[in-house]
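The values are calculated or read from the model by the stated rules, or taken from the named source; none is laboratory data. These numbers were taken from a predicted model, which means no experiment stands behind them. Don't worry about glycine lacking a Cβ; one is built from the backbone with ideal geometry, like all the others, and counts go over all protein chains shown.
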Amino acid sequence: MEKFTIRVGRSLLFLALGLVIQGRQQSYAQSDESNQKISQVKSMESQTITLGAGCFWCVEAVFANMKGVDSVTSGYMGGHIKNPAYREVCTGRTGHAEVIQVKFNPESIDLIMILEVFFSTHDPTTLNRQGADVGTQYRSAIFFHETEQQSLIDQAISQASLEWPAPIVTEVQPSSVYYIAEDYHQSYYELHGEAPYCRAVIAPKMKKFQEKYSFLLKR
C-alpha cells in the first residue's frame, strides 16, 4: 500500500509539472505572437522627418503631393526662443529655420526616397540661402527624429554629393522643439497658386518635381 501511494504521488507530481511546463510554453508562444504583432504595428506606424530647404511654402507644396506622405505642416525649428512668430523668425535672430514636418508611411515610401526628393528640389550647396531668400532661416537642414535615421541621412548626402558640383552644406541635427507656423502659412500654394510668388517661384519648382518624380504623385 505504501509503494502504491508513492507511485500515485509521483504520478500526480509529474502530471502537475507537465501542466506547468505546458502552461509556460503556451505563455511564451502567446508572448512571441504578441511581440510579432507589436513589431508589425510599429512597422506600419507613421515616421517623422523635419526638413528645411528655403521658404516653407515651396517645400510644403512638393511633399504634400507625394504618395505615402500622410501630412505636411509648415513651421519653425532649431532656434533658441520660445513660441517664435513669423515676423521674428524672418529677422534671423531667433535661430529658427523655416521647415516642414513630414509624417510618412514607411510601407509606402521610404526615407531614402524622401531625402532624394529633398536634395533634388532645392540647392543644398548654398549656405543660408535659396535663390532670392537669404538668411539663416532659409538654411538647408535635416532634423532627424530617430537615431536610426542618421545612417540613411548620411547615405542620402553621399549620393547627393555626386549630383551637385559644390559641397553639400545641409545642416543635420536631432529634432528639437517644433513650432507650427501660423494658419495662413499652411497649404499656401494650394490656396494661393495664382499669387505672384507662387507663379514665379513655386510653380516652376513643382513642374520640375512632377516631371522627374511622376511615379510619386498622389492620384
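For the reader, a short list of remarks on this structure follows.
- Restricting attention to region 68-89, the residues that are at negative phi, surrounded by fewer than 15 Cβ atoms within 10 Å (Cβ to Cβ) and part of a loop (DSSP other than H, G, I, E, B) total 4.
- Flag for residue 207 being out of contact with any strand residue (DSSP E or B) (no Cβ under 6 Å at 6 or more places or on another chain), among the charged types (D, E, K, R) and within 21 Å of residue 103 (Cα to Cα): no
- Residue match in region 32-49 (condition: within 30 Å of residue 190 (Cβ to Cβ), in contact with a Ser or Thr (Cβ under 9 Å, 6 or more places away or on another chain) and at pLDDT below 95): yes
- Residue within region 55-63 that is over 19 Å from residue 182 (Cβ atoms) and at pLDDT below 95 present: no
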